[in-house]
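Step one of this worksheet: look at the structure below.
A short reminder: the numbers here are calculations on the coordinates, not readings from a lab. Nothing here was measured: the structure is a model prediction, and the numbers come from that model. Cβ coordinates were reconstructed from backbone atoms using ideal geometry, including for glycine residues, and neighbour counts include every protein chain displayed.
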Amino acid sequence: MRLSKKGFNNLLIFGILLITFIFNFSQRLREPHETKQSTVIPKEFTILEIQTPDYTLTRVGRNWQRKPSMGISSDKLQQVVNNWQTVPLDTLTEQSFLLSDFILRFFIAEQKDPIIVQLHQLQNDHYVLQVNEKLYLSLPSNQLSLFLGR
């Protein structure tokens, strides 16, 4: 059985398309899957106060004060505040959670309304931070103390 010139051209076109698809697909498989990361609060914002259900951190001049006081140094409190703006966390796709019992409010100099962050605990001792109902960040349990200063 012989192919006509038209049939041979069609076979050649589909062959080239198949080879192009294979090369593109194999290259995508070899590339590492990059996870997007984000900080909870953008670095360019100036945090004035952080309210949690347990305590409040307030900026007093260049230092931080915790109420009720637990004897934590101002430098340690400054590091906790910095972590909210510098530690990158993996972003997640949109999740569905009920309202959390642990809600943090970040009062920012550049905004009238606070940034609301809900802390959700999952069953596998992992946490998710929900920022203003738009952004979901994965928080491993070993990093929790970096953000809460406990």
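Per-residue ellipticity at 222 nm, computed for the chain from helices alone with -39500 (n - 2.57) per DSSP H run of at least four residues, works out to -9500 deg cm²/dmol. With a cut-off of 13 Å between beta carbons, the residues surrounding residue 46 carry a summed charge of 0, where Lys and Arg count +1 and Asp and Glu -1.
Pick the calculated semi-axes √(5λ) of the Cα gyration tensor in Å for this structure from (1) 55, 18, 10; (2) 23, 17, 15; (3) 52, 16, 14? Matching entry in (1) 55, 18, 10; (2) 23, 17, 15; (3) 52, 16, 14: (3). 3J(HN,Hα) along the range 101-114, derived from phi through the Karplus expression 6.51 cos²θ - 1.76 cosθ + 1.60 where θ = phi - 60°, amounts to 7, 10, 10, 10, 10, 9, 8, 10, 4, 8, 10, 6, 8, x Hz, with x in place of Gly and Pro. Its relative contact order, with pairs defined as Cα atoms under 8 Å and 6+ residues apart, puts the chain at 20 percent. Axis angle, to the nearest 10 degrees, between helix 74-86 and the longest C-alpha principal axis of the chain: 20 degrees. Bridging of residue 134 to lysines at a Cα separation below 19 Å is possible for 36, 43, 112, once same-chain residues fewer than 8 apart are set aside.
Summary value for the range 62-145: 21 percent relative contact order, contacts being C-alpha pairs under 8 angstrom separated by 6+ residues. Largest mean-square fluctuation among 124, 24, 63, in a Gaussian network model of the chain whose springs join Cα atoms under 10 Å apart, belongs to 24.
In a DSSP loop and with at most 15 other Cβ atoms within 10 Å, the trypsin sites (Lys or Arg not before Pro) in the range 45-89 are 62. Between 0 and 90 degrees, the angle of helix 5-30 with respect to the longest Cα principal axis of the chain falls at about 20 degrees.
With a cut-off of 19 Å on the backbone N, the residues of the range 90-120 near the modelled label site 7 Å out from residue 133 along Cα-Cβ are 92-107, 112-120. GNM remark for the chain: springs join alpha carbons under 10 Å apart, and the peak mean-square fluctuation among 118, 130, 78 falls on 78. Just to be sure I understand: with springs between alpha-carbon atoms less than 10 Å apart, which residue in 23, 106, 45 has the highest mean-square fluctuation in the Gaussian network model of the chain? Fluctuation is largest for 23. Dipole of the chain computed with +1 at Lys/Arg Cβ and -1 at Asp/Glu Cβ about the Cα centre; of 142, 41, 15, farthest Cα towards the positive end is 15. Net charge dipole, the chain: roughly 680 debye, given to the nearest 20, about the Cα centre with Cβ charges of +1 for Lys and Arg and -1 for Asp and Glu.
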